[in-house]
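Where a number appears in this text, it was derived from the coordinates with a stated rule and is not lab data. Just so we're clear, the structure is a prediction, and the values are computed from it rather than from any experiment. Cβ: placed from backbone, ideal geometry, glycine included. Neighbour counts: every protein chain shown.
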Amino acid sequence: MEEGKVLSQSVQLSAAAYAIIHEKFGAALSAFDSNETMPFFEVIDISLWPEIALFMRDHPKLRFNYMACLSGVDFQAEDKVGIVCNIESLGQFNHKLAVKVKCPRSGGSIPSVAYVWHTANWHEREAYDMFGMLFTGHPDMRRILCPDDWEGYPLLKDYKVQETYHGIKVPY
Amino acid sequence: MGLLDAAITKHNVLVTSVDNVLNWARLSSLWPMGFGLACCAIEMMATNASNYDLERFGIFPRSSPRQSDLMIVAGTVTMKMAERVIRLYEQMPEPRYVLSMGSCSNCGGPYWEHGYHVLKGVDRIIPVDVYVPGCPPRPESLIGGLMKVQELIRMEQIGVSRADALKKLAEKSVDPQFVIELERKAASA
């Protein structure tokens, strides 16, 4: 966090929530980023991600009971793919945080949080469908939008569309 | 005055050709298959509804391909849907007609370059008789396209192939440039 910066009230709430998580997990998390639109932190030790998620949901002072979104991102420059989870505490503390989790670009996997927030079930499938990272422990890990026998992961920045699909020409 | 108003009394005879009667019957009850794929479908439904009232042409959507004469491909055809569109087309009894409605089903529309999941023109998988341009086309355009299908049916004869009927239709068509110029002149005057 930059010193001397005046934070808005909602970012202050997020920072306080981060402090509680940081107290428990310490070095497994990155520093807090006080981005005004989306305050976030990154999970460094990704094997701890489900544990962190459960802690965020169940801790009496956090109660992150609502996953608003889980999006995939291609960090091509870092040779990584990842997810950004927007998590909120609806009707309890009204604070929100975004969490980033990254894994290697080819053959990488991220532990699933589908049993923590059920929203993550389909969203993780979508991230897998578009970016190709696997979610270990997911109850139903298969494509959700593209056909099951589609080749490649369309939202990767170096994606090239296949020539034909079942004998039908795909490119223009 | 029409024939019915002219008080035709008994013992009258009307003479016409079988082709004419068949064509008149078929083009007056074009039943499209009721399915829509994207925003064009909203426009198609609006055309079916009371403001534009397609039923005055005898056009009435059917819920089964087995009862349909016409397939209006209204919207974006994805690769996943493409195979289903082929299946539906094959389930329609002949003679059948296909109207491609809107840019997406004509050529891929806004998805032509980066839409990995979109079929770039439904004519890659099934033969299309009439293309209606627009994104989405207004109900007037769709009605124009349906009139074109009716004209095509009017060109058909027993023993004449669809390709020849389409050729005859093309010969009879008016060059739109002439009409556009005429309208422009009228507007400036």
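I want the antiparallel fraction of DSSP beta bridges within the protein assembly as shown, as a percent rounded to 5.
Of all bridge pairs located within the protein assembly as shown, approximately 55 percent are antiparallel.
Note the full-extension length gain between residue A:71 and residue A:10 as 0.36 nm times their separation in residues minus their Cα-Cα distance, in nm to one decimal.
Taking residue A:71 through residue A:10 to full extension adds about 19.8 nm, to one decimal.
Can you give me the C-alpha center-to-center distance between segment A:28-45 and segment A:110-155, rounded to a whole angstrom?
So the two Cα centres are separated by 23 Å.
Can you list, bin by bin at 10 Å, the percent of alpha carbon pairs in chain B, starting at 0?
Computed distribution, short to long bins: 9, 31, 33, 19, 7, 2, 0.
With +1 on each Lys and Arg Cβ and -1 on each Asp and Glu Cβ, how big is the dipole of chain A about its Cα centre, in debye rounded to the nearest 20?
The calculated dipole for chain A is roughly 240 debye.
Quick one: helix A:49-58 against the long Cα principal axis of chain A, what's the angle to the nearest 10°, folded into 0 to 90?
Rounded to the nearest ten degrees, it is 50.
Helix B:162-172 versus the longest principal axis of chain B: what angle, 0 to 90°, nearest 10, using Cα atoms?
The two axes meet at around 80 degrees.
Classify the protein assembly as shown as rounded, prolate or oblate, taking a ≥ b ≥ c as the square roots of the eigenvalues of its Cα gyration tensor: rounded when a/c is under 1.5, otherwise prolate if a/b is larger than b/c and oblate if not.
Note, shape of the protein assembly as shown comes out prolate.
Give me log10 I(q)/I(0) at q = 0.11, 0.14, 0.15 Å⁻¹ for segment A:9-123, Debye formula, one equal scatterer per alpha-carbon, no solvent.
-0.32, -0.52, -0.61
Hey, can you grab everything whose amide H is under 5 Å from the amide H of residue A:81? Only 5+ residues off in sequence or another chain; H modelled, so Pro and N-termini drop out.
A:75, A:103, A:105
Cα convex hull of segment A:79-172: how many Å³ per residue?
Once divided by residue count, the hull of segment A:79-172 is 122 Å³.
Debye calculation, C-alpha points only, no solvent: report log10 I(q)/I(0) for segment B:75-167 at q = 0.17, 0.24 Å⁻¹, in the same order as the q values.
Listed by q, the Debye log ratios stand at -0.78, -1.23.
In straight Cα distance, which lysines are under 18 Å from residue B:168, not counting same-chain residues fewer than 8 positions off?
By straight Cα distance, residue B:168 reaches B:148.
Output the 0 to 90 degree angle, nearest 10, between the alpha-carbon long axis of helix B:18-27 and the longest principal axis computed from the alpha carbons of chain B.
Between the helix axis and the principal axis of chain B, the angle is about 50 degrees.
Beyond a 23 Å Cα-Cα separation, which of these cross-linked pairs lie in this structure: B:80/B:120; A:169/B:80; A:5/A:157; A:61/A:96?
A:5/A:157
When Lys and Arg each count +1 and Asp and Glu each count -1, what net charge do the other residues less than 11 Å away from residue A:93, Cβ to Cβ, add up to?
+2
Take residue A:92 and residue B:183, extend 7 Å from each Cα along the Cα→Cβ direction, and tell me the distance between the two endpoints in nm.
For the pair residue A:92/residue B:183, the computed spacing is 6.2 nm.
Can you give the local net charge around residue B:119? Use residues other than it whose beta-carbon is closer than 12 angstrom to its beta-carbon, Lys and Arg +1, Asp and Glu -1.
+3
For segment A:1-54, what is the per residue volume of the convex hull drawn over the alpha-carbon atoms, in cubic angstrom?
Output value, Cα hull per residue: 82 Å³.
For A:165-172, what's the mean count of beta carbons from other chains sitting within 10 Å of each residue's beta carbon?
Whole-number average of other-chain Cβ neighbours for A:165-172 is 6.
Lys and Arg at +1, Asp and Glu at -1: add these up for the other residues within a Cβ distance under 13 Å of residue A:78 and post the number.
Spelling it out: positives minus negatives among the neighbours equals +2.
Of the beta bridges DSSP finds with both residues in chain A, what % are antiparallel, to the nearest 5?
Looking only at bridges with both residues in chain A, the antiparallel portion is about 75 percent.
Could you tell me how far the Cα centroid of segment B:75-107 sits from the Cα centroid of segment B:119-163, in Å?
Result: 12 Å between the Cα centres.
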